[in-house]
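I have placed the structure first, in the form of structure tokens, so that the comments after it can refer back to it.
What follows is calculated from the coordinates using simple rules that are stated; it is not laboratory data. What you are looking at is a predicted structure, and each value in this text was computed from that prediction instead of being measured. Every residue, glycine among them, receives a Cβ derived from its backbone with ideal geometry; neighbour counts consider all protein chains shown.
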Amino acid sequence: MAITRYTLRNPSLSPWRDLEEVSSRLARMFDESPVASGGNGGNWIPRVNVEESKDELVLSAELPGMTQDDVSIELENSVLTISGEKTEQRTEGDEERRYHLWERRYGAFQRSFTLPRTVKADDIRASFDNGILTIQMPKVAEAKTRKISIDKK
């Protein structure tokens, strides 16, 4: 079974399309190949998903090999910043071990997201499980969809 990238049926309707396109271009622009970076991987950018429901926005980030102690989340002026550092786990100088290929990324990272005014900043929650950071951002009551009844005369 092949795994394919999820795409919307009509991508022009996604409010995140422009953000994803810019993020992808920046990632490619600053991405160093293992050969160009001397084989150590250099800095890296964790991949994220942003989902929206009627009650909240949920941002999830892939942080394999990291713990919650390795990650910091800050909110300032409606800008949510996720940062941290993934440390390298190989040892140099081991006579009985040679590395032939080293593609895994290590180093510091930082990603920032401007939150919409519809997010209730004081109620943002974060959890970390099996290398996945999940940030739940509830919407303010005014931003939630509600049904308005029509008065009879």
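Observations on the model:
- For the stretch 42-153, the spherically averaged projection of the C-alpha convex hull amounts to 9.9 nm².
- Residues M66, M137, ranked from the fewest to the most other C-beta atoms within 10 Å, line up as M66, M137.
- Relative exposure of T67, T81, judged by other C-beta atoms within 10 Å (fewest first): T67, T81
- Residues in the stretch 111-132 that a label on A143 would reach, taking backbone N under 13 Å of a point 7 Å out along Cα→Cβ: 114-125
- Reachable lysines from K147, criterion Cα separation under 17 angstrom, eight or more residues apart if same chain: K54, K139
- Here the residues D55, D151, ranked from fewest to most Cβ neighbours within 10 Å of their Cβ, fall in the order D151, D55.
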